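These notes concern the structure reproduced below.
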Amino acid sequence: MPTKRRGPRKAIFDPVHGVIALEGVSLDLVGHRAFQRLWGIRQTGLAHLVFPGANHTRLEHSLGVYAVVRIMAERLGLDDASADRVAAGGLLHDLGHTPLSHTLEPTLREVEGVGHEARGRAAIVDGATAVVGGGTGPSIAEILERHGIAPKSVAELVDPSGAVPLPLLRAILHGAIDADRIDYLQRDAYYTGVAHGAIDAVRLLDTVRATRSRLVFAEKGRHAVEGFLVGRALMYSSVYYHKTVRAAEVMAQGAVERLPGYPEVARPLLDGTDADLLVGLREAGGRSAALALGLLERRLHKRVVGWRKLTRSERAGLRRLARRPAERRAREEELADRIGAPSGGVLFDLAGLEAREPKGEDWSEVGVAEDGRIVHPFRMPSVWRSLALRPPSVWSASVYVDPRFRAVAERRIGRRAADVL
């Protein structure tokens, strides 16, 4: 970590990384209202309903990414300007998240037509205040400029839009093994208690190198890389795609989608915190309030049918529903009527379709030094390549129902995907 002092310095005690030192631009950014909003957003959405310890927040994770970035910057020998720029990107990379983190990402894309990365870009470059509920004080752009950092250069690291002048900085935040994943896999394993998700971050960071603007790992770090693959695979299957976690997440999405006046009325709720969202849903009444109350009282929908394998036509039909949320909701309501359930009594979980076709994780580019040259162990068929490409969910799609109607749903909803299309 750079030793140059730049004015006031504060230390934060973190259970994953130990002491995290903040000074200069990082100290000013942490105090901004947009960053402080992340205190109110759980890192793992609704996973605490299955793993009671999972109450950690996006703010904690963002500080953790910052800490990892600083270590990587030192290992890679970055100059102070580059280190400050990518560290700012690490702090701000989750600025645009909605309440409940990734749970409402599909809703965000329907309502605003963008993902959380683009919202983060807007908050950094345009000084957008919608995502932080207004307030006074300098914008994030003004803070960055005050410290000699161009806001657009940080926004490009948070939400890459094309060729990046310094691809190494981008690789630190966006890659198969990057600062973001190194933190959240450790942090989520720690707070959920899922010990088999732990990774050897110390070894990974000690052996990280840069070759042709790419991150690679020294030969002695190969086992840590392989262990990272194991931890990642187990966390996705046992936590992020746990069937009960998915039940809660589709209920939250279903509650927002059934707000009177949706989608316009959902915009302000997507700008708040988890608590703001749940209060707004309760105050809206109707089925939105009923679904929200089910989450608060942990009366969750139950999966009545799921599909691991699909025919070509079934997959095409389900992907169409995933791309057309209004059509998917109409089909949910038709099935609810079939079993006599109220609106939102039947909900589709189509996240597995995308999970089985992952994007943005090019494991073939992960390099490891071996006998003086860089090899790519995940390009050729092997047990490790199979693990890297392993779908995080064994279920391509599922149907969840209000538990009061589970028995009738099992009788009246067919077992084949074609029966619900």
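The values are calculated or read from the model by the stated rules, or taken from the named source; none is laboratory data. Keep in mind it's a predicted model, so treat the numbers as computed, not measured. Every residue, glycine as well, gets a Cβ built from its backbone with ideal geometry; the counts of neighbours run over all protein chains shown.
Evaluate the range 45-55: report whether one residue or more is more than 29 Å from L269 (Cα to Cα) and more than 17 Å from the chain's Cα centre (by Cα). No, the range 45-55 contains no residue that is more than 29 Å from L269 (Cα to Cα) and more than 17 Å from the chain's Cα centre (by Cα).
All conditions in (1) crowded, with 19+ Cβ neighbours inside 10 Å; (2) touching a residue at least 40 places away in the same chain (Cβ under 8 Å) hold for S238, with the sole exception of (1).
Can you find, within the range 320-350, the residue that is nearest to S398 (Cα to Cα) among those that are of a type in the set (D, E) and in a helix (DSSP H, G or I)?
First, the residues of the range 320-350 that are of a type in the set (D, E): 327, 332-334, 337, 349.
Imposing the further condition that a residue be in a helix (DSSP H, G or I) reduces the set to 327, 332-334, 337.
On the way: E327: 17, E332: 12, E333: 16, E334: 16, D337: 18 Å.
Ranking the candidates gives E332 first.
Close contacts from the range 329-340, counting a first residue that is under 13 Å from A409 (Cα atoms) and a second that is in a helix (DSSP H, G or I), with Cβ to Cβ under 7 Å and a gap of 6+ residues or different chains, come to R338/R412; I339/F405; I339/V408; I339/A409; I339/R412; G340/F405; G340/V408.
Per-residue answers, yes or no, for (1) modelled with pLDDT of 95 or more; (2) surrounded by fewer than 18 Cβ atoms within 10 Å (Cβ to Cβ); (3) in contact with a helix residue (DSSP H, G or I) (Cβ under 8 Å, 6 or more places away or on another chain); (4) within 26 Å of T273 (Cα to Cα):
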site: L46; (1), (2), (3), (4): yes, no, yes, yes
site: A54; (1), (2), (3), (4): yes, no, yes, yes
site: R58; (1), (2), (3), (4): yes, no, yes, yes
site: V65; (1), (2), (3), (4): yes, no, yes, yes
site: M72; (1), (2), (3), (4): yes, no, yes, no
site: R75; (1), (2), (3), (4): yes, yes, yes, no
site: R85; (1), (2), (3), (4): yes, no, yes, no
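Taking every residue in the range 392-403 that is in a helix (DSSP H, G or I) and pairing it with any residue that is modelled with pLDDT of 90 or more, at least 6 positions away or on another chain, the pairs with Cβ-Cβ distances below 7 Å are P403/R299; P403/H301; P403/K302. Give the residues of the range 270-314 that are farther than 15 Å from A247 by Cβ, surrounded by 14 or more Cβ atoms within 10 Å (Cβ to Cβ) and of a type in the set (V, I, T), sorted by residue number. Once the filter is applied, which keeps residues that are farther than 15 Å from A247 by Cβ, surrounded by 14 or more Cβ atoms within 10 Å (Cβ to Cβ) and of a type in the set (V, I, T), the range 270-314 yields T273, V279. Entry remark, the range 186-200: residues being surrounded by fewer than 22 Cβ atoms within 10 Å (Cβ to Cβ), in contact (Cβ under 8 Å) with a residue 12 or more places away in the chain and among the hydrophobic types (A, V, I, L, M, F, W, C) number 3 in total. Out of T211, T192, one residue alone is polar (S, T, N, Q) and in contact with a strand residue (DSSP E or B) (Cβ under 7 Å, 6 or more places away or on another chain). It is T211.
Looking at the range 65-82, can you tell me whether even one residue there is assigned to a helix (DSSP H, G or I) and either touching a Lys or Arg at 6+ places or on another chain (Cβ under 9 Å) or without any contact (Cβ under 8 Å) to a residue 40 or more places away in the chain (or both)?
At the first step, the residues of the range 65-82 found to be assigned to a helix (DSSP H, G or I) are 65-75, 80-82.
Those still in the list that are either touching a Lys or Arg at 6+ places or on another chain (Cβ under 9 Å) or without any contact (Cβ under 8 Å) to a residue 40 or more places away in the chain (or both) too: 75, 80.
Yes, some residue in the range 65-82 is assigned to a helix (DSSP H, G or I) and either touching a Lys or Arg at 6+ places or on another chain (Cβ under 9 Å) or without any contact (Cβ under 8 Å) to a residue 40 or more places away in the chain (or both).
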